[in-house]
Amino acid sequence: MRIQGPVAPMAATAIDRIPQERACSGGCRYEPKFDGFRCVARVGEDGDVQLWSRRLKRLDAAFPEIVSAVSGTLPPGTVVDGEIVRWGGDGRLDFAALQRRHVTRRTGSPITEPCHYVVFDVLEAGGTDHRPAPLSARRAELERLLRGLPGTSRIVLCPQLRDVGEARLWFEILVAQGIEGLVVKAAGDPYKEGRRGWWKVKHRTTTEALIGGVTGSIEQPQTLLLGRYTTAGVLRVVARTTPLTPRARTALAGALSEAGPGHPWPEPLPAGWAGGLPSTRDPIHYTRVAPDAVVEISVDAAVEHGRWRHAARFLRLRQDLTPGDVPQDLDLE
């Protein structure tokens, strides 16, 4: 069946370890997990280019240089999946710059931070719907489509490995370039539109933070709102945890107390003040607690507006540490 409208992209499930090659149908394929905007690009039969986000919102107006690059690279009747990214001057991926681009283009400002489109899958080409085909066949078709791209192109073929040893090396060294981790795909699997079928392994770091608030109750917290002091001595929200397990709630019993009138955070928190939320549209109702309990958490490398963008994982209560032992801002040392 030919693709007529927007496509809900295939998704990945988070796992903690890089699987061996034999763990996947047809063998595992390993790709960098880029920190950008997921984008499905469609070139219509008339040559018109449409860019669709993960949530099926149009991105054409925000990234006209990607529209132009896709138009000049891919023939009519082609649909590909990939990630729009922005490389900063230091060679690292810069998600904040990508967001600035998105906003400034909506306001009609000129392009000052051009982006690239990293393509990792093909869904349709040459009149053929490739979604039912195994990844290995889709990859061969994608390499054919993007063969001979000049180094100046804003279209980039996503690198891919078959060897788990090389993938582990990638996992360790690419974090310095802002790569979040790896996406692991089965060579024998079809493209599962709108469904999970890939794995993602993110580079995570263990660090400490202060509990500044909880959702739920102090006796039975559901998630933790975490803070760090700035170098100026201001307690800022830096993360929200994933939902706590019963064991974690038991570990926190008796360690939390309701905050006094000097707590610096408003109640409720404005939308978007804490990372890792299912929705950032609604204010966050929570209970403020005295920010003197230190917890050890696991976070990934993604940062936005001075906060960890994705939810932190609670590891343990650190009763051996005081607030003065917690790093400032988003330092990880």
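See the values below:
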| quantity | calculated |
| --- | --- |
| ³J(HN,Hα), Karplus 6.51/-1.76/1.60, whole Hz, each residue of the range 146-154, x for Gly, Pro | 9, 5, x, 5, x, x, 8, 5, 8 |
| Ordering of 144-155, 47-58, 68-79 by burial proxy (mean other Cβ atoms within 10 Å per residue, highest first) | 68-79, 47-58, 144-155 |
| In Hz, Karplus ³J(HN,Hα) per residue of the range 244-250 (6.51, -1.76, 1.60; θ = phi - 60°; x = Gly, Pro) | 6, 7, x, 5, 5, 5, 5 |
| Cα point-scatterer Debye curve for the chain, base-10 log of I(q)/I(0) at q = 0.10, 0.12, 0.15 Å⁻¹ | -0.67, -0.91, -1.23 |
| Spherically averaged projected area of the range 204-325 from its Cα convex hull (nm²) | 7.1 nm² |
| Relative contact order [Cα under 8 Å, 6+ residues apart], the range 204-325, whole percent | 32 percent |
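Each value in this text was obtained by applying a stated rule to the coordinates, not by laboratory testing. Predicted model only: the values in this text are computed from it and were never measured. Please note: Cβ atoms are built from the backbone with ideal geometry, for glycine as well, and neighbour counts cover all protein chains shown.
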